[in-house]
1. With the requirement that a residue be more than 16 Å from the ligand (Cβ to nearest atom) and among the aliphatic types (A, V, I, L, M), what does the stretch 167-205 give you?
2. Given the condition under 29 Å from Y443 (Cα atoms), within 14 Å of the ligand (Cβ to nearest atom) and crowded, with 21+ Cβ neighbours inside 10 Å, answer yes or no: does some residue in the stretch 330-339 qualify?
3. Looking at the stretch 213-266, which of the residues that are of a type in the set (S, T, Y) and away from the ligand (no atom under 16 Å from the Cβ) is nearest to Y317 (Cα to Cα)?
4. Could you look through the stretch 303-360, keep only residues that are out of contact with any strand residue (DSSP E or B) (no Cβ under 9 Å at 6 or more places or on another chain) and at pLDDT 95 or above, and pick out the one that is nearest to K372 (Cα to Cα)?
5. Return yes when G148 is more than 12 Å from the ligand (Cβ to nearest atom), touching a residue at least 12 places away in the same chain (Cβ under 8 Å), surrounded by fewer than 16 Cβ atoms within 10 Å (Cβ to Cβ) and closer than 30 Å to L292 by Cα and no when it is not.
6. Among G438, G449, G461, which is of a type outside the set (S, T, Y), modelled with pLDDT of 95 or more and surrounded by fewer than 20 Cβ atoms within 10 Å (Cβ to Cβ)?
7. Consider only pairs whose beta carbons are under 6 Å apart and that are at least six residues apart or on different chains; among these, list those whose first residue lies in the stretch 166-181 and is over 14 Å from E403 (Cβ atoms) and whose second residue is within 13 Å of the ligand (Cβ to nearest atom) and assigned to a loop (DSSP other than H, G, I, E, B).
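The values are calculated or read from the model by the stated rules, or taken from the named source; none is laboratory data. All values derive from a computational prediction rather than experimental measurement. Positions of Cβ are backbone-derived with ideal geometry, glycine not excepted, and every protein chain shown enters the neighbour counts.
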Amino acid sequence: MDSFTLIIFGITGNLAQIKLIPALYDMEEKDLLPSDMTIVGIARKEMSDEELKHYVHTVLHLENIHHKHEIKEEVFKRLCKKFTYLSGQIQDQNLYEKLSNILKHGNRIFYLATYPELYHQIFENLQKNNLNKQNKGWIRLMIEKPIGCNLPSAKKLNKLLLKYFTEDQIFRLDHYLGKETLQNILTFRFANDIFEPLINKDYIDHIQIAAAEDFGIGKRGGYYDQVGALKDVGQNHQLQMLAFAAMDAPSEFSNEAVTKERIKILKNLIPMPDKVVYGQYEGYRKEENVSLQSNTDTFYALKTYINNERFKDVPIYIRAGKKLKQTVTEISIVFKNHVNRLFKSADSGDEPNVLIYRIQPNEGIVLKILTKVPGYDAKLQPEYMQYCYRPNPYTHKIPDPYERLLIDTIRGDQTFFNDAEEVEAQWAFIDPLIAVRGKPAIYEPGSWGPKEADELIEKDGRIWLEPSMDFCRI
Ligand code: BG6
């Protein structure tokens, strides 16, 4: 692997603490980082190298649902040797001069773990100091979703990016694309030939996508209150889940071919502003940095269709929210029941088969089937045929998405990153739904959201599936 410098703008921020530093630790533990690479952390606060080490140590020991395993001192020490800290204001020329003086490698990744409002200034200053010139190696830029806050602002940002970088240098990151459980959907569908013939309107009744969290917004009120659930996870993570589950087979496994198929799905989604429900959990307005009159959505449910032959008239129901009953993310493909199904009048005999891509927890791909209850009668019961990932929650065999996406950036592979057109297609679908966002329906923490969300699906004679914890149990 080429050696390089990783420059993180915003090393003391939430993203660096929760995702980046733990991912770098895991990479160090697995020997995935070149020994002579450097990580330059940038933030406003003054800190000595000793204080930085202490900070990294503290961050690694914070409670973190995605990073629960043991922190080994010798790995921590090896990682710390790679770190350098630079304090300074984004607009301060000195900062870039200091940066220029310490950069050892021509190969560089600039990770902007900071507010999008600061991007422009950072790009300008990198340019002024020739830091974005690829004359001594490769330069890559990693930026996080959300890219813009609607279609016009996303277009503006995409245009701005192209002023300083070329498209093959820009790694727009939606960490869901780095999830092993999402990537495996492609393998499941396109490496096995037996399932794909069933993934179409002839066999599928409907599709459900759920991203539920049993916790609230924590300390992120300042950000979240400006954004809301639909923009926070709907515009990106959930649309990508749908794209993976519904896209046609790419002609080859390459960035161009995979991205092209994802975009085809995203561009064909039909926004239905009269089929969206917004909710807010009771007590949200009392959260830190949230307006007392806030109408921000902490939950949404929507219905859509994909405008193509394959999924013609197959409804898709998507919901996500905070402070719901359970933390679970999954895609359920609900199959049609054959009218002449034998055993349909037996107990449970009319239950549909459901293919579940469980993104987390109890990660796996499972097929709900009907089986015979052992005994002398024709009694049926639903069971799961299951492929599961982990026998033990503390083994971290599944790479964290940030780890995966950092590796992809180092090797210059953009397959699991969004390009400009893709992000714009996502906003083109979301904007008309945001335009009708009014007062949210209040729901009780610990529930599955407001009753209006149930009504949305029940009007069609269907119900939300209660995510099961009966498979891939640890
Ligand atoms: C982030 C959102 O992008 O994704 C958070 O800003 C959300 O609000 C998170 O909790 C969910 O990611 P994961 O990997 O925990 O499912």
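1. Across the stretch 167-205, the qualifying residues are I170, L186, A191, I194, L198, I199, I204.
2. Residues of the stretch 330-339 under 29 Å from Y443 (Cα atoms): 330-334.
With within 14 Å of the ligand (Cβ to nearest atom) added as a condition, the list becomes 330-331.
Then drop every residue that is not crowded, with 21+ Cβ neighbours inside 10 Å, which leaves 330-331.
Checking the stretch 330-339: at least one residue is under 29 Å from Y443 (Cα atoms), within 14 Å of the ligand (Cβ to nearest atom) and crowded, with 21+ Cβ neighbours inside 10 Å.
3. Here is the first cut: in the stretch 213-266, the ones of a type in the set (S, T, Y) are 223-224, 251, 254, 259.
From the residues that got through so far, the ones that are away from the ligand (no atom under 16 Å from the Cβ) too are 251, 254, 259.
Values: S251: 28, S254: 30, T259: 23 Å.
That would be T259.
4. So the residue we want is R310.
5. On the way: more than 12 Å from the ligand (Cβ to nearest atom): yes; touching a residue at least 12 places away in the same chain (Cβ under 8 Å): yes; surrounded by fewer than 16 Cβ atoms within 10 Å (Cβ to Cβ): no; closer than 30 Å to L292 by Cα: yes.
Considered against the rule, which asks whether it is more than 12 Å from the ligand (Cβ to nearest atom), touching a residue at least 12 places away in the same chain (Cβ under 8 Å), surrounded by fewer than 16 Cβ atoms within 10 Å (Cβ to Cβ) and closer than 30 Å to L292 by Cα, G148 comes out as no.
6. G461
7. If the second residue must be within 13 Å of the ligand (Cβ to nearest atom) and assigned to a loop (DSSP other than H, G, I, E, B), the pairs left are R172/I147; D174/K145; T181/E363.
Condition check ((1) part of a loop (DSSP other than H, G, I, E, B); (2) of a type outside the set (G, A, S); (3) without any contact (Cβ under 8 Å) to a residue 40 or more places away in the chain; (4) farther than 15 Å from I185 by Cα) across all residues:
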residue	(1), (2), (3), (4)
F343	yes, yes, yes, yes
S348	yes, no, yes, yes
E351	yes, yes, yes, yes
I359	no, yes, no, no
N362	yes, yes, no, yes
V366	no, yes, no, no
D377	yes, yes, yes, yes
M385	no, yes, yes, yes
